[in-house]
Amino acid sequence: MSFPSRYSSASPSPPAPEAQACGGDASFQTVYAAHASAVYYLALRLLGQPALAEDVTHDVFLKVFRALDTFRGDSAIRTWLYQITLNQCRNHRAAWNQRTMVTNADEILEGGTSSPESGPIRVLETKELGERIRTTLDQLLPDQRLVLLLAADEQLSYDEIALITEQSPDSVRGKLHRARKAFAQRFPKTA
Amino acid sequence: MKQNSRLQRDAAHTEGQSETTAQTHQQSTTQGAAEFASPEALLRYDATQTPVPPQVAERLRASLATEPVKPTAWWRRILGR
């Protein structure tokens, strides 16, 4: 398996030991080391649940492993990864909603009660700042949330954000402007 | 409190800067004060505080171990790459 030189040169250093744990060859590990955090963070803030974000990250890189040979390099690899991530987020969200609806229906039929989702893992994930950010992002329109999260990635240009979100760069600018404003207004002053 | 007001000021400041690229927003202050120049800077900081759980790599390794080995294309065998 090999990468177009343009992308392998983005991270010339050998993959970190933690990236080597993901398996695959050195090229794949390099991609994982360079982009896994970005993919996981986007999924986490879009879906709001660490377990789902882990699933998405796993599935995204599994797809990358399978499709790496067919990646033509027409766009930056980060752009390609985010497009896969968004598709996976949509799929997982739909599946999650379906499962939740089934579960709720079962509970109604069985007369059971839903168990609270809180637990040590949840608490560890939702540190104070992260929780406030998640709460604030949840209050934004989905388009605004996505554009803001993508704009936070310094590797992406407006054109690339437009490509990922399938809209014009002007539309991205407008949504980003409104997203910044909405985020600042809603961000809680205290925890 | 201070953090929020900084965000609001930044948002107001950026209203007239629609041409500004995403790359121009920089985290402006020290980590201790936790002040950020823009929502994007805040999100970037949040991202640095959100590592990928190690179990993702472990799951990926297990999944990749079951992936079939792709046959090498004929032209790669000939060209040796």
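No value in this document is a laboratory result; all are computed from the given coordinates. Predicted model only: the values in this text are computed from it and were never measured. Here the Cβ positions follow ideal geometry from the backbone for every residue, glycine too, while neighbour counts run over all protein chains shown.
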field: Point-to-point label distance, A:Asp138-A:Arg186, nm (Cα→Cβ direction, 7 Å offset)
entry: 1.1
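Give me Rg over Rh for segment A:126-191, both radii from the alpha carbons and Rh done the Kirkwood way, two decimal places.
1.01
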message: Given a Förster distance of 22 Å, report the FRET efficiency between A:Asp25 and A:Ala51 from their Cβ-Cβ distance, rounded to the nearest 0.05.
response: 0.20
field: Neighbouring partner chain Cβ atoms per residue of A:49-55, average, 10 Å criterion
entry: 2
Signed unit charges on C-beta, dipole axis of segment A:126-191, positive-most listed residue A:Ala184, A:Ala151, A:Leu137: A:Ala184
task: Mind giving me the nanometre distance, one decimal, between the label points for A:Ala67 and A:Ser37, set 7 Å out from Cα along Cα→Cβ?
output: 2.5
- request: Would you work out the charge dipole size for segment A:126-191 about its Cα centre, treating the Cβ of every Lys and Arg as +1 and the Cβ of every Asp and Glu as -1, and quote it to the nearest 20 debye?
  value: 500
query: Using θ = phi - 60° and the Karplus curve 6.51 cos²θ - 1.76 cosθ + 1.60, what whole-Hz ³J(HN,Hα) does each residue of segment A:68-84 get, with Gly and Pro shown as x?
result: 4, 5, 8, 5, 8, x, 5, 10, 5, 5, 5, 4, 4, 4, 5, 5, 5
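Over the whole of A:30-41, what's the average partner chain Cβ count within 10 Å per residue? Rounded to a whole number, please. It would help to have the intermediate numbers written out before the result.
Values: counts 0, 0, 4, 1, 0, 0, 5, 5, 2, 2, 6, 9.
That works out to 3 on average.
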